[in-house]
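The values are calculated or read from the model by the stated rules, or taken from the named source; none is laboratory data. In this text, all values refer to a predicted model and were calculated from it rather than measured experimentally. Glycine also receives a Cβ, built like all others from the backbone with ideal geometry; neighbour counts cover every protein chain displayed.
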(Lines give C-alpha, C1' and ligand atoms only; values in the text may rest on other atoms or scores of the structure.)
Protein backbone atom coordinates (compact mmCIF):
# COMPACT_ATOMS: atom_id res chain seq x y z
CA UNK A 1 0.00 0.00 0.00
CA UNK A 2 2.84 2.34 0.81
CA UNK A 3 5.07 1.61 -2.17
CA UNK A 4 3.64 3.74 -4.97
CA UNK A 5 3.46 6.98 -3.02
CA UNK A 6 6.21 9.56 -3.19
CA UNK A 7 5.77 10.67 0.43
CA UNK A 8 8.16 9.29 3.03
CA UNK A 9 7.07 6.42 5.24
CA UNK A 10 8.58 7.07 8.61
CA UNK A 11 8.56 4.39 11.27
CA UNK A 12 5.89 6.41 13.02
CA UNK A 13 3.60 6.15 10.00
CA UNK A 14 4.22 2.42 9.70
CA UNK A 15 3.54 1.97 13.42
CA UNK A 16 0.43 4.17 13.21
CA UNK A 17 -0.85 2.17 10.21
CA UNK A 18 -0.33 -1.07 12.11
CA UNK A 19 -2.19 0.29 15.14
CA UNK A 20 -5.02 1.65 12.96
CA UNK A 21 -5.36 -1.70 11.19
CA UNK A 22 -5.71 -3.39 14.60
CA UNK A 23 -8.31 -0.85 15.72
CA UNK A 24 -10.34 -1.65 12.62
CA UNK A 25 -11.05 -5.04 14.20
CA UNK A 26 -13.36 -3.24 16.65
CA UNK A 27 -15.81 -2.72 13.78
CA UNK A 28 -18.19 -5.19 12.14
CA UNK A 29 -16.37 -7.85 10.14
CA UNK A 30 -18.33 -7.19 6.92
CA UNK A 31 -17.55 -3.48 6.97
CA UNK A 32 -13.88 -4.16 7.72
CA UNK A 33 -13.62 -6.62 4.84
CA UNK A 34 -15.29 -4.28 2.38
CA UNK A 35 -13.68 -0.96 3.36
CA UNK A 36 -10.94 -1.59 5.95
CA UNK A 37 -8.10 -1.67 3.41
CA UNK A 38 -9.30 1.51 1.72
CA UNK A 39 -9.76 3.30 5.04
CA UNK A 40 -6.22 2.36 5.98
CA UNK A 41 -4.92 3.52 2.62
CA UNK A 42 -6.72 6.87 3.01
CA UNK A 43 -5.52 7.42 6.55
CA UNK A 44 -1.91 6.61 5.58
CA UNK A 45 -2.12 9.27 2.88
CA UNK A 46 -3.37 11.74 5.49
CA UNK A 47 -0.40 10.89 7.73
CA UNK A 48 2.06 11.16 4.83
CA UNK A 49 0.75 14.61 4.00
CA UNK A 50 0.91 15.63 7.66
CA UNK A 51 4.47 14.24 7.91
CA UNK A 52 5.63 16.24 4.92
CA UNK A 53 4.06 19.36 6.38
CA UNK A 54 5.02 19.13 10.04
CA UNK A 55 7.18 16.04 10.56
CA UNK A 56 6.33 13.49 13.25
CA UNK A 57 4.38 16.14 15.19
CA UNK A 58 1.88 16.29 12.31
CA UNK A 59 1.29 12.53 12.54
CA UNK A 60 0.84 12.67 16.33
CA UNK A 61 -1.53 15.64 16.13
CA UNK A 62 -3.78 13.78 13.69
CA UNK A 63 -4.21 10.78 16.00
CA UNK A 64 -6.79 12.06 18.56
CA UNK A 65 -9.25 13.20 15.88
CA UNK A 66 -8.76 10.04 13.80
CA UNK A 67 -9.12 7.80 16.85
CA UNK A 68 -12.36 9.36 18.10
CA UNK A 69 -13.76 9.44 14.56
CA UNK A 70 -12.87 5.79 14.05
CA UNK A 71 -14.38 4.59 17.35
CA UNK A 72 -17.56 6.61 16.89
CA UNK A 73 -17.92 5.49 13.27
CA UNK A 74 -17.38 1.83 14.11
CA UNK A 75 -19.92 1.98 16.95
CA UNK A 76 -22.39 3.61 14.58
CA UNK A 77 -21.72 0.85 12.06
CA UNK A 78 -22.29 -1.80 14.72
CA UNK A 79 -25.63 -0.17 15.61
CA UNK A 80 -26.56 -0.02 11.93
CA UNK A 81 -25.73 -3.71 11.50
CA UNK A 82 -27.63 -4.69 14.66
CA UNK A 83 -30.79 -2.73 13.99
CA UNK A 84 -31.94 -3.33 10.42
CA UNK A 85 -35.78 -3.54 10.30
CA UNK A 86 -35.75 -7.28 9.55
CA UNK A 87 -33.81 -7.94 12.75
CA UNK A 88 -36.09 -5.95 15.08
CA UNK A 89 -38.02 -9.11 15.98
CA UNK A 90 -34.83 -10.64 17.40
CA UNK A 91 -34.18 -7.45 19.33
CA UNK A 92 -37.60 -7.59 20.98
CA UNK A 93 -37.13 -11.24 21.89
CA UNK A 94 -33.74 -10.39 23.43
CA UNK A 95 -35.28 -7.48 25.27
CA UNK A 96 -38.09 -9.66 26.66
CA UNK A 97 -35.56 -12.35 27.70
CA UNK A 98 -33.47 -9.76 29.52
CA UNK A 99 -36.54 -8.38 31.24
CA UNK A 100 -37.40 -11.91 32.49
CA UNK A 101 -33.82 -12.24 33.72
CA UNK A 102 -34.11 -9.01 35.68
CA UNK A 103 -37.45 -10.07 37.11
CA UNK A 104 -35.83 -13.35 38.20
CA UNK A 105 -32.89 -11.48 39.74
CA UNK A 106 -35.28 -9.09 41.50
CA UNK A 107 -37.30 -11.98 42.87
CA UNK A 108 -34.13 -13.70 44.09
CA UNK A 109 -32.87 -10.57 45.82
CA UNK A 110 -36.31 -10.08 47.40
CA UNK A 111 -36.38 -13.61 48.75
CA UNK A 112 -32.84 -13.39 50.15
CA UNK A 113 -33.57 -9.97 51.71
CA UNK A 114 -36.82 -11.14 53.33
CA UNK A 115 -35.63 -14.56 54.38
CA UNK A 116 -31.95 -14.28 55.33
CA UNK A 117 -32.27 -17.63 57.11
CA UNK A 118 -32.13 -19.27 53.68
CA UNK A 119 -28.38 -18.85 53.85
CA UNK A 120 -27.46 -19.83 57.41
CA UNK A 121 -23.90 -18.94 58.46
CA UNK A 122 -23.66 -21.42 61.29
CA UNK A 123 -21.35 -23.99 59.77
CA UNK A 124 -18.24 -23.58 57.63
CA UNK A 125 -19.63 -25.02 54.39
CA UNK A 126 -22.61 -22.67 54.27
CA UNK A 127 -20.31 -19.78 55.22
CA UNK A 128 -18.18 -20.55 52.17
CA UNK A 129 -21.30 -20.79 50.03
CA UNK A 130 -22.38 -17.43 51.38
CA UNK A 131 -18.97 -15.90 50.56
CA UNK A 132 -19.20 -17.32 47.02
CA UNK A 133 -22.60 -15.70 46.64
CA UNK A 134 -21.18 -12.41 47.93
CA UNK A 135 -18.30 -12.54 45.45
CA UNK A 136 -20.74 -13.35 42.66
CA UNK A 137 -22.88 -10.37 43.65
CA UNK A 138 -19.83 -8.07 43.79
CA UNK A 139 -18.80 -9.35 40.38
CA UNK A 140 -22.29 -8.48 39.22
CA UNK A 141 -21.77 -4.87 40.30
CA UNK A 142 -18.50 -4.65 38.36
CA UNK A 143 -20.13 -6.13 35.27
CA UNK A 144 -22.99 -3.66 35.67
CA UNK A 145 -20.51 -0.75 35.63
CA UNK A 146 -18.74 -2.21 32.61
CA UNK A 147 -21.96 -2.54 30.62
CA UNK A 148 -23.05 0.89 31.79
CA UNK A 149 -19.91 2.46 30.33
CA UNK A 150 -20.22 0.50 27.07
CA UNK A 151 -23.91 1.26 26.81
CA UNK A 152 -23.45 4.99 27.41
CA UNK A 153 -21.17 5.23 24.41
CA UNK A 154 -23.71 3.25 22.36
CA UNK A 155 -26.54 5.54 23.46
CA UNK A 156 -24.59 8.67 22.51
CA UNK A 157 -23.83 7.30 19.04
CA UNK A 158 -27.37 5.92 18.61
CA UNK A 159 -28.79 9.34 19.57
CA UNK A 160 -26.62 10.98 16.93
CA UNK A 161 -27.79 8.44 14.33
CA UNK A 162 -31.45 8.99 15.22
CA UNK A 163 -31.17 12.74 14.78
CA UNK A 164 -28.62 12.95 11.97
CA UNK A 165 -29.74 10.01 9.82
CA UNK A 166 -33.40 9.80 10.93
CA UNK A 167 -33.02 6.15 11.92
CA UNK A 168 -36.52 5.18 13.04
CA UNK A 169 -35.51 1.55 13.61
CA UNK A 170 -32.91 2.59 16.18
CA UNK A 171 -35.46 4.84 17.87
CA UNK A 172 -37.88 1.89 18.09
CA UNK A 173 -35.16 -0.29 19.53
CA UNK A 174 -34.19 2.29 22.17
CA UNK A 175 -37.86 2.77 23.09
CA UNK A 176 -38.31 -0.97 23.57
CA UNK A 177 -35.16 -1.34 25.66
CA UNK A 178 -35.68 1.71 27.82
CA UNK A 179 -39.40 0.96 28.27
CA UNK A 180 -38.85 -2.59 29.45
CA UNK A 181 -35.98 -1.58 31.76
CA UNK A 182 -38.08 1.20 33.23
CA UNK A 183 -40.95 -1.16 33.88
CA UNK A 184 -38.67 -3.72 35.52
CA UNK A 185 -37.13 -1.08 37.78
CA UNK A 186 -40.48 0.39 38.75
CA UNK A 187 -41.86 -3.02 39.65
CA UNK A 188 -38.81 -3.79 41.75
CA UNK A 189 -39.07 -0.43 43.54
CA UNK A 190 -42.78 -0.38 44.05
CA UNK A 191 -43.36 -3.98 45.09
CA UNK A 192 -40.00 -5.30 46.27
CA UNK A 193 -38.81 -2.18 48.12
CA UNK A 194 -35.99 0.30 47.51
CA UNK A 195 -33.53 -1.55 49.73
CA UNK A 196 -33.25 -4.33 47.15
CA UNK A 197 -31.66 -2.04 44.51
CA UNK A 198 -28.08 -3.05 45.17
CA UNK A 199 -29.07 -6.69 45.54
CA UNK A 200 -31.08 -6.52 42.33
CA UNK A 201 -28.15 -5.17 40.32
CA UNK A 202 -25.71 -7.58 41.91
CA UNK A 203 -27.78 -10.70 41.32
CA UNK A 204 -28.98 -9.77 37.85
CA UNK A 205 -25.51 -9.07 36.55
CA UNK A 206 -23.98 -12.07 38.23
CA UNK A 207 -26.59 -14.10 36.33
CA UNK A 208 -25.44 -12.28 33.21
CA UNK A 209 -21.82 -13.23 33.95
CA UNK A 210 -22.86 -16.86 34.09
CA UNK A 211 -24.81 -16.46 30.84
CA UNK A 212 -21.88 -14.68 29.17
CA UNK A 213 -19.55 -17.51 30.18
CA UNK A 214 -22.04 -19.97 28.71
CA UNK A 215 -22.31 -17.84 25.55
CA UNK A 216 -18.53 -17.63 25.18
CA UNK A 217 -18.36 -21.38 25.62
CA UNK A 218 -21.06 -21.60 22.95
CA UNK A 219 -18.95 -19.43 20.64
CA UNK A 220 -16.00 -21.74 21.29
CA UNK A 221 -18.10 -24.78 20.43
CA UNK A 222 -19.52 -23.07 17.34
CA UNK A 223 -15.98 -22.04 16.38
CA UNK A 224 -15.00 -25.66 16.55
CA UNK A 225 -17.99 -26.43 14.36
CA UNK A 226 -16.85 -23.74 11.87
CA UNK A 227 -19.72 -21.31 12.29
CA UNK A 228 -17.67 -18.85 14.32
CA UNK A 229 -18.92 -15.84 12.38
CA UNK A 230 -22.60 -16.43 13.24
CA UNK A 231 -21.70 -17.20 16.84
CA UNK A 232 -19.61 -14.04 17.19
CA UNK A 233 -22.42 -11.96 15.65
CA UNK A 234 -24.94 -13.50 18.04
CA UNK A 235 -22.69 -12.85 21.05
CA UNK A 236 -21.99 -9.27 20.05
CA UNK A 237 -25.67 -8.65 19.39
CA UNK A 238 -26.53 -9.91 22.90
CA UNK A 239 -23.77 -7.85 24.55
CA UNK A 240 -24.96 -4.82 22.63
CA UNK A 241 -28.54 -5.32 23.84
CA UNK A 242 -27.37 -5.84 27.42
CA UNK A 243 -25.31 -2.63 27.24
CA UNK A 244 -28.28 -0.57 26.11
CA UNK A 245 -30.53 -2.26 28.61
CA UNK A 246 -28.02 -1.45 31.37
CA UNK A 247 -28.02 2.21 30.47
CA UNK A 248 -31.80 2.24 30.61
CA UNK A 249 -31.76 0.42 33.93
CA UNK A 250 -29.05 2.72 35.29
CA UNK A 251 -31.02 5.79 34.23
CA UNK A 252 -34.20 4.39 35.78
CA UNK A 253 -32.36 3.54 39.02
CA UNK A 254 -30.73 6.95 39.29
CA UNK A 255 -34.02 8.71 38.49
CA UNK A 256 -36.01 6.72 41.03
CA UNK A 257 -33.40 6.87 43.81
CA UNK A 258 -32.84 10.57 43.13
CA UNK A 259 -36.56 11.17 43.23
CA UNK A 260 -36.91 9.31 46.50
CA UNK A 261 -34.02 11.20 48.06
CA UNK A 262 -35.44 14.48 46.88
CA UNK A 263 -38.87 13.63 48.26
CA UNK A 264 -37.24 12.52 51.51
CA UNK A 265 -35.52 15.89 51.88
CA UNK A 266 -38.30 18.14 50.64
CA UNK A 267 -41.31 16.30 52.02
CA UNK A 268 -42.12 14.41 55.14
CA UNK A 269 -41.93 11.00 53.47
CA UNK A 270 -39.23 8.48 54.23
CA UNK A 271 -36.85 7.13 51.65
CA UNK A 272 -36.82 3.52 52.74
CA UNK A 273 -39.28 0.83 51.81
CA UNK A 274 -42.36 1.69 49.82
CA UNK A 275 -43.26 4.86 51.70
CA UNK A 276 -41.95 7.48 49.32
CA UNK A 277 -44.69 10.06 49.56
CA UNK A 278 -47.60 11.12 47.41
CA UNK A 279 -45.54 13.16 44.97
CA UNK A 280 -43.17 10.29 44.28
CA UNK A 281 -46.12 7.95 43.81
CA UNK A 282 -47.63 10.28 41.21
CA UNK A 283 -44.34 10.51 39.33
CA UNK A 284 -43.83 6.75 39.57
CA UNK A 285 -47.39 6.26 38.27
CA UNK A 286 -46.62 8.54 35.31
CA UNK A 287 -43.39 6.65 34.61
CA UNK A 288 -45.36 3.41 34.84
CA UNK A 289 -47.78 4.70 32.18
CA UNK A 290 -44.80 5.39 29.90
CA UNK A 291 -43.35 1.98 30.68
CA UNK A 292 -46.65 0.15 30.09
CA UNK A 293 -47.06 2.10 26.85
CA UNK A 294 -43.63 0.91 25.76
CA UNK A 295 -44.50 -2.66 26.73
CA UNK A 296 -47.72 -2.53 24.71
CA UNK A 297 -45.69 -1.17 21.82
CA UNK A 298 -43.21 -4.05 22.19
CA UNK A 299 -45.98 -6.65 22.38
CA UNK A 300 -47.74 -5.19 19.37
CA UNK A 301 -44.50 -5.37 17.41
CA UNK A 302 -43.86 -8.83 18.82
CA UNK A 303 -47.23 -10.08 17.55
CA UNK A 304 -46.62 -8.59 14.14
CA UNK A 305 -43.26 -10.39 14.08
CA UNK A 306 -44.93 -13.66 15.14
CA UNK A 307 -47.39 -13.35 12.28
CA UNK A 308 -44.46 -13.56 9.89
CA UNK A 309 -43.74 -17.16 10.96
CA UNK B 1 -36.29 -0.96 -6.22
CA UNK B 2 -35.12 0.66 -9.49
CA UNK B 3 -34.30 4.35 -9.66
CA UNK B 4 -37.18 5.02 -12.11
CA UNK B 5 -39.62 4.19 -9.31
CA UNK B 6 -37.88 6.30 -6.69
CA UNK B 7 -38.32 10.01 -6.28
CA UNK B 8 -35.10 11.87 -5.33
CA UNK B 9 -37.10 13.77 -2.68
CA UNK B 10 -37.56 10.54 -0.72
CA UNK B 11 -33.92 10.67 0.33
CA UNK B 12 -34.00 14.28 1.50
CA UNK B 13 -32.68 15.92 3.58
CA UNK B 14 -29.18 14.58 3.06
CA UNK B 15 -26.55 14.63 5.78
CA UNK B 16 -23.82 17.26 5.24
CA UNK B 17 -21.23 14.54 4.54
CA UNK B 18 -23.38 12.87 1.86
CA UNK B 19 -24.13 16.18 0.15
CA UNK B 20 -20.46 17.16 0.12
CA UNK B 21 -19.46 13.76 -1.30
CA UNK B 22 -22.04 14.16 -4.08
CA UNK B 23 -20.69 17.65 -4.81
CA UNK B 24 -17.09 16.38 -4.77
CA UNK B 25 -18.00 13.75 -7.36
CA UNK B 26 -19.93 16.19 -9.53
CA UNK B 27 -16.90 17.01 -11.70
CA UNK B 28 -15.60 13.49 -12.15
CA UNK B 29 -14.66 10.27 -10.52
CA UNK B 30 -12.43 10.29 -7.47
CA UNK B 31 -10.94 7.94 -4.89
CA UNK B 32 -11.50 8.20 -1.12
CA UNK B 33 -8.57 10.46 -0.21
CA UNK B 34 -9.29 12.74 -3.17
CA UNK B 35 -12.92 13.07 -2.00
CA UNK B 36 -11.70 14.05 1.48
CA UNK B 37 -9.37 16.69 0.03
CA UNK B 38 -12.09 18.06 -2.26
CA UNK B 39 -14.54 18.35 0.66
CA UNK B 40 -11.94 20.26 2.69
CA UNK B 41 -11.47 22.66 -0.25
CA UNK B 42 -15.15 23.14 -1.10
CA UNK B 43 -16.15 23.75 2.55
CA UNK B 44 -13.03 25.82 3.25
CA UNK B 45 -12.11 23.45 6.03
CA UNK B 46 -15.37 23.89 7.95
CA UNK B 47 -16.45 20.29 7.39
CA UNK B 48 -13.86 17.63 8.14
CA UNK B 49 -14.84 14.17 6.99
CA UNK B 50 -12.64 11.41 8.40
CA UNK B 51 -12.00 8.02 6.74
CA UNK B 52 -14.66 6.19 8.80
CA UNK B 53 -17.40 8.73 8.11
CA UNK B 54 -16.36 8.82 4.46
CA UNK B 55 -16.53 5.07 3.93
CA UNK B 56 -19.71 4.66 6.00
CA UNK B 57 -21.33 7.30 3.81
CA UNK B 58 -19.94 5.65 0.67
CA UNK B 59 -21.41 2.32 1.80
CA UNK B 60 -24.88 3.84 2.22
CA UNK B 61 -24.60 5.82 -1.01
CA UNK B 62 -23.63 2.70 -2.95
CA UNK B 63 -26.62 0.88 -1.44
CA UNK B 64 -28.91 3.77 -2.38
CA UNK B 65 -27.33 3.84 -5.88
CA UNK B 66 -26.31 7.48 -5.54
CA UNK B 67 -22.77 6.59 -6.57
CA UNK B 68 -21.12 3.62 -8.19
CA UNK B 69 -17.65 2.14 -8.29
CA UNK B 70 -15.69 2.43 -11.47
CA UNK B 71 -13.03 0.07 -12.75
CA UNK B 72 -11.20 2.62 -14.90
CA UNK B 73 -8.08 4.41 -13.62
CA UNK B 74 -7.33 7.98 -14.79
CA UNK B 75 -3.62 7.14 -15.08
CA UNK B 76 -2.88 3.47 -14.39
CA UNK B 77 0.92 3.98 -14.44
CA UNK B 78 0.94 6.50 -11.63
CA UNK B 79 -2.00 5.26 -9.65
CA UNK B 80 -2.26 2.53 -7.03
CA UNK B 81 -4.29 -0.25 -8.62
CA UNK B 82 -5.85 -1.14 -5.25
CA UNK B 83 -7.57 2.24 -5.01
CA UNK B 84 -11.30 2.32 -5.61
CA UNK B 85 -12.76 5.12 -7.68
CA UNK B 86 -16.34 6.34 -7.33
CA UNK B 87 -18.56 8.27 -9.70
CA UNK B 88 -21.93 9.95 -9.46
CA UNK B 89 -24.89 8.05 -10.92
CA UNK B 90 -27.75 9.78 -12.74
CA UNK B 91 -29.97 9.17 -9.73
CA UNK B 92 -27.27 10.59 -7.44
CA UNK B 93 -27.14 13.71 -9.59
CA UNK B 94 -30.94 14.07 -9.36
CA UNK B 95 -30.80 13.71 -5.57
CA UNK B 96 -28.00 16.30 -5.31
CA UNK B 97 -30.02 18.73 -7.47
CA UNK B 98 -33.14 18.15 -5.35
CA UNK B 99 -31.20 18.79 -2.14
CA UNK B 100 -29.62 21.95 -3.51
CA UNK B 101 -33.05 23.21 -4.62
CA UNK B 102 -34.34 22.52 -1.11
CA UNK B 103 -31.44 24.44 0.42
CA UNK B 104 -31.91 27.23 -2.12
CA UNK B 105 -35.54 27.51 -1.08
CA UNK B 106 -34.42 27.91 2.53
CA UNK B 107 -31.94 30.63 1.52
CA UNK B 108 -34.65 32.48 -0.47
CA UNK B 109 -36.97 32.22 2.51
CA UNK B 110 -34.28 33.52 4.87
CA UNK B 111 -33.62 36.43 2.50
CA UNK B 112 -37.32 37.30 2.27
CA UNK B 113 -37.42 37.48 6.08
CA UNK B 114 -34.27 39.68 6.10
CA UNK B 115 -32.52 37.07 8.17
CA UNK B 116 -29.33 37.46 6.17
CA UNK B 117 -29.25 41.24 6.69
CA UNK B 118 -27.29 43.05 3.98
CA UNK B 119 -25.86 39.85 2.54
CA UNK B 120 -26.61 39.75 -1.18
CA UNK B 121 -26.67 36.82 -3.57
CA UNK B 122 -23.42 37.91 -5.26
CA UNK B 123 -21.71 38.17 -1.86
CA UNK B 124 -22.53 34.54 -1.18
CA UNK B 125 -21.39 33.52 -4.65
CA UNK B 126 -18.16 35.45 -4.28
CA UNK B 127 -17.36 33.87 -0.91
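Would you check which residues across the range A:25-47 are part of a helix (DSSP H, G or I), more than 10 Å from chain B (Cβ to nearest Cβ) and in contact (Cβ under 8 Å) with a residue 12 or more places away in the chain and list them? Of everything in the range A:25-47, those that are part of a helix (DSSP H, G or I), more than 10 Å from chain B (Cβ to nearest Cβ) and in contact (Cβ under 8 Å) with a residue 12 or more places away in the chain turn out to be A:26, A:29, A:47. Can you say whether residue B:111 is more than 14 Å from chain A (Cβ to nearest Cβ), assigned to a helix (DSSP H, G or I) and modelled with pLDDT under 90, as far as the supplied structure shows? Yes: the conditions hold for residue B:111.
None of A:171, A:152 is touching a residue at least 24 places away in the same chain (Cβ under 8 Å) and either under 24 Å from residue B:57 (Cα atoms) or part of a helix (DSSP H, G or I) (or both) except A:152. So, in the range B:15-35, of the ones that are closer than 21 Å to residue A:17 by Cβ and in contact with a helix residue (DSSP H, G or I) (Cβ under 6 Å, 6 or more places away or on another chain), which residue ends up farthest from the other protein chains (Cβ to nearest Cβ)? Only one residue tops the list, namely B:35.
Residues are listed down the side, and each one gets a yes or a no for (1) within 14 Å of residue B:89 (Cα to Cα); (2) in a helix (DSSP H, G or I); (3) facing chain A (nearest Cβ under 9 Å); (4) more than 14 Å from the chain's Cα centre (by Cα):
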residue	(1), (2), (3), (4)
B:40	no, yes, no, no
B:47	no, no, no, no
B:52	no, yes, yes, yes
B:57	no, yes, no, no
B:65	yes, no, no, no
B:68	yes, no, no, no
